[in-house]
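Working notes, beginning with the structure itself.
The values are calculated or read from the model by the stated rules, or taken from the named source; none is laboratory data. Computed from a predicted structure; not experimentally measured. In this analysis, Cβ positions are derived from the backbone assuming ideal geometry, glycine residues included, and neighbour counts consider all displayed protein chains. Side chains included, ligands, DNA and RNA excluded: accessible areas come from the protein's heavy atoms. Shrake-Rupley method; radii C 1.70, N 1.55, O 1.52, S 1.80 Å.
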Amino acid sequence: MFYRIKILFVICCLVVVACNQSNKKSVSSTLNFAEHIAPIIHKNCSKCHMPEEAGPFNLISYQDVSRRGKLIKYLVTERIMPPWPADANYSHFAGETVLSDEEITMISNWVDEGMIAGDTSKLATPEQLKTELNLGKPDLILKVPHINIKGNNKDMFLVVKVPYEIAHDTFVRAIEFVPSSKKIVHHMNGHLVQFTSGKKENVYIGKSYVNQDQVNSQHIHKELGLLNDDGTYPTLTPSVSNYLPGAYFSFYPKEIGGYKFLKKGALYLNDMHFGPSSVDAIDSSYFKIYFTNIPPKRPVSEFQMGTLGIAPVEPFLRIPANEVKTFHIQTTIPNDISLISIVPHMHLIGKSFWAYAIKPSGDTIPLIKIKNWDFRWQYFYQFKNLLKIPRGTTIYVEGIYDNTAQNPFNPFSPPREIYERNGSMRSTDEMFQLIVTYLSYKDGDEKISLENAKP
Ligand code: HEC
């Protein structure tokens, strides 16, 4: 309710601004923090810029914002903050955080006019703003093994195993990741490995984690003890839990999702990224697991296009030094499906990413456009409603890589040839993927909203 009121309030302000376009000066001269700016900041910035969240400082009170006014004006005008790489003029997603042009103008004018405070006595406190959903008590907590983080200001990319053993098979509705520190844990992609009865004696053998620089995708399961005792691969359910700053955990609507949870298994975090830290620390992230008696009715499936996926990158992903090069992936979908989310994935020298689908009728379905790829902000873009992709539709993906010295994210100076190396996940090698989670289509799926589902 609280949020609804705020959103309405912002809309009212915008209407006032819009109606007075011809008379902009007189309206903007009345801008003050309490009435006009705080609602925008609280809706779009505070979720990361509050205690214990990913942002480096709070952005809640008048003091928080006004002391950084010029920098904020610059970052919002350049659309660097809030971080949302997807082009909101191209496609929309659940929970997207994007400022409208009007909101940017309001912040900018307010800064230029000397940042008038207004009556700040009734503004929300950090506690009131804390959006953390109260999802009730989890049925099981699985702790990530203790990982030592060195205070050497370097990124750390790990592959991690979180094994478990429970009394009997059950069903799971959702798995929520709780990072120990949102300032250090940058992102995490988790999959579920399950051992059928009799296939695995001890789920706790093998290494707990391995630095990604030291692994090759082909051997990693063995090193972590994630193979059956006879050396075969156990079942893997992809992407059961994912985390990125700003991407809040949410349940799927009750009619979709869920997993069978066998007695023995492990969460397999193939990508756990810790950002640079200046102090030594021990990670204490954990997972909250919510059981249910109800078997999953419509399990979520996933496919990957591109590197390690169902359709190749064309031409082979090799970017010569000092070149900007374009690559494509395409695949035709054999059955009607409903898309839940898409994840564009590239590494450091990615420059832009574009995905769309063309139906047999010739109509285009825009999926996502990222004009300025940013390695640090790789969201799971979940659609607002299930999105139907009819059979015979072809999904096209285009990725441009910039391996010149002009690319500030180029890991090599001078530039060196960079390519896709045998499934290597090292950030200095490249990957090009579109990861798609979906359901097989059912009549009426288009009406199923993926926003704000409750436990
Ligand atoms: C999804 C989380 C998230 C949201 C939403 C967000 N920020 Fe940030 N912000 C960060 C993080 C993390 C950093 C640290 C630098 C980085 O990683 O880019 C940051 C850095 C900043 C900085 C410091 C930049 C510098 O160069 O020192 C400012 C100022 C800022 N944000 C303002 C804002 C404003 C204003 C908004 C809303 C309009 C906003 N942020 C929304 C996560 C967020």
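Per residue of the chain, what 222 nm ellipticity follows from adding -39500 (n - 2.57) for every DSSP H run with n ≥ 4, rounded to the nearest 500?
It comes out at -4000 deg cm²/dmol, rounded to the nearest 500.
Could you work out what % of the accessible surface of the chain is carbon and sulfur, using a 1.4 angstrom probe and leaving DNA, RNA and ligands out of the count?
52
Using the crude model of +1 on Lys and Arg Cβ and -1 on Asp and Glu Cβ, and no other charge, please compute the dipole size for the chain relative to its Cα centre, in debye to 20.
580
Between ALA34 and PHE57, what FRET efficiency comes out of the Förster formula 1/(1 + (r/R0)^6) with R0 = 22 Å and r the beta carbon distance, rounded to 0.05?
Result of the calculation: an efficiency of 0.60.
In Å², and per residue, what accessible area does the chain have when probed at 1.4 Å with the other protein chains present?
49
In region 51-78, whose amide N lies under 20 Å from the spot 7 Å out along Cα-to-Cβ of SER278? List them in ranges.
From region 51-78, the list is 51-59, 68.
Quick one: longest stretch of the chain between exposed loop trypsin sites (Lys or Arg not before Pro), exposed meaning at most 11 other C-beta atoms within 10 Å and loop per DSSP?
It works out to 298-455.
Hey, quick one: spin label on ASN216, modelled 7 Å out along Cα-Cβ, who in region 410-451 has an amide N within reach, i.e. under 20 Å?
418-432
What is the Rg over Rh value, at two decimals, for region 301-447, using alpha-carbon atoms and the Kirkwood definition of Rh?
1.01
If the chain between THR77 and HIS328 were fully stretched, how many nm would it gain, using 0.36 nm times the residue separation less the Cα-Cα distance?
Working it through step by step, the gained length comes to 87.2 nm.
Note down the magnitude of the dipole of region 148-259 about its Cα centre, charges +1 on Lys and Arg C-beta and -1 on Asp and Glu C-beta and zero elsewhere, to the nearest 20 debye.
Approximately 400 debye in magnitude.
Starting from the Cα-Cα distance between LYS442 and ASP230, subtract it from 0.36 nm times their residue separation and give me the gain in nm to one decimal.
Length difference between fully extended and current span is 72.4 nm.
With unit charges on the beta carbon (Lys/Arg positive, Asp/Glu negative), name the residue among MET156, PHE287, ASN189 whose Cα is farthest towards the positive pole of the charge dipole of region 140-292.
PHE287
Say R0 is 35 Å: what FRET efficiency, to the nearest 0.05, do LYS183 and ILE104 get from their beta-carbon distance?
After rounding to 0.05, the efficiency reads 0.85.
Mind checking which lysines have their Cα closer than 23 Å to the Cα of LYS182? Skip sequence neighbours fewer than 8 apart in that chain.
Reachable lysines: LYS43, LYS47, LYS130, LYS137, LYS143, LYS150, LYS154, LYS161, LYS288.
Please work out how much length the chain gains when fully extended from LYS130 to HIS168, using 0.36 nm per residue of separation minus the C-alpha to C-alpha distance, in nm with one decimal.
Additional length available on full extension: 10.0 nm.
Distance in nm between label sites at ASN152 and SER208, each 7 Å beyond Cα in the beta-carbon direction?
1.9
Work from the charge dipole of region 180-268 (Cβ charges, +1 for Lys and Arg, -1 for Asp and Glu, about the Cα centre) and give the residue of ILE220, VAL203, VAL240 farthest towards its positive end.
Farthest along the dipole direction, towards plus: VAL240.
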